[in-house]
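So the structure is just underneath, and the comments pick up after that.
The values are calculated or read from the model by the stated rules, or taken from the named source; none is laboratory data. Predicted model, so just to flag it, every value in this text is computed and none were measured. Please note: Cβ atoms are built from the backbone with ideal geometry, for glycine as well, and neighbour counts cover all protein chains shown. Calculation scope for accessible area: heavy atoms of the full protein, side chains included, ligands and nucleic acids excluded. Shrake-Rupley method; radii C 1.70, N 1.55, O 1.52, S 1.80 Å.
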Amino acid sequence: MKTLRVLVAEDNAIIGMLLAEMLEEMGHDVCGVEATEAEAVAAAARCKPDLMIVDARLGDGSGVAAIRTILLTGPMPHLFISGAIVEADTPDAVILQKPFHEYQLERAIERVLDAAAAPEAAGATLTHRA
């Protein structure tokens, strides 16, 4: 897997830090860890990530709403993480339930990238459970 610029939106500082560390150990560049919906939207515009990993339910706002806003400006490969059951209606949504292992995260990232690369992915609504 190639090195990706990854933006994380996670309101739990410890989980955000551990996730960033896991991604860096996998060889990716973490361009930010944001805690709120507004911060996630602003950071996506600022750092132009290859992938976003977003907690579906943020303490201040919603990760799902953040992705909806970001998608208005163009495609953004993304992966939702959550400790609760979440239904996402965004294109190419992949949902990874917490807690998860590195191999599960890697597999979920591959699914997101495969869906983003598929020609039929443009405009399709796909929801995968990782």
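Here are some notes:
- Inspection of region 10-18 identifies at least one residue that is part of a loop (DSSP other than H, G, I, E, B), of a type in the set (D, E) and either open to solvent by 40 Å² or more (accessible area, probe 1.4 Å) or closer than 18 Å to K98 by Cα (or both).
- Restricting region 80-130 to residues that are modelled with pLDDT of 80 or more and in a strand (DSSP E or B), the residue that is most open to solvent (accessible area, probe 1.4 Å): Q97
- Of the residues making up region 33-58, those that are open to solvent by 20 Å² or more (accessible area, probe 1.4 Å), among the small types (G, A, S) and either over 19 Å from A20 (Cα atoms) or part of a helix (DSSP H, G or I) (or both) are A38, A42, A45.
- Contact annotation: no residue pair with Cβ atoms under 7 Å, 6 or more positions apart or on different chains, pairs a residue in region 32-53 that is at pLDDT below 95 with a partner that is of a type in the set (A, V, I, L, M, F, W, C).
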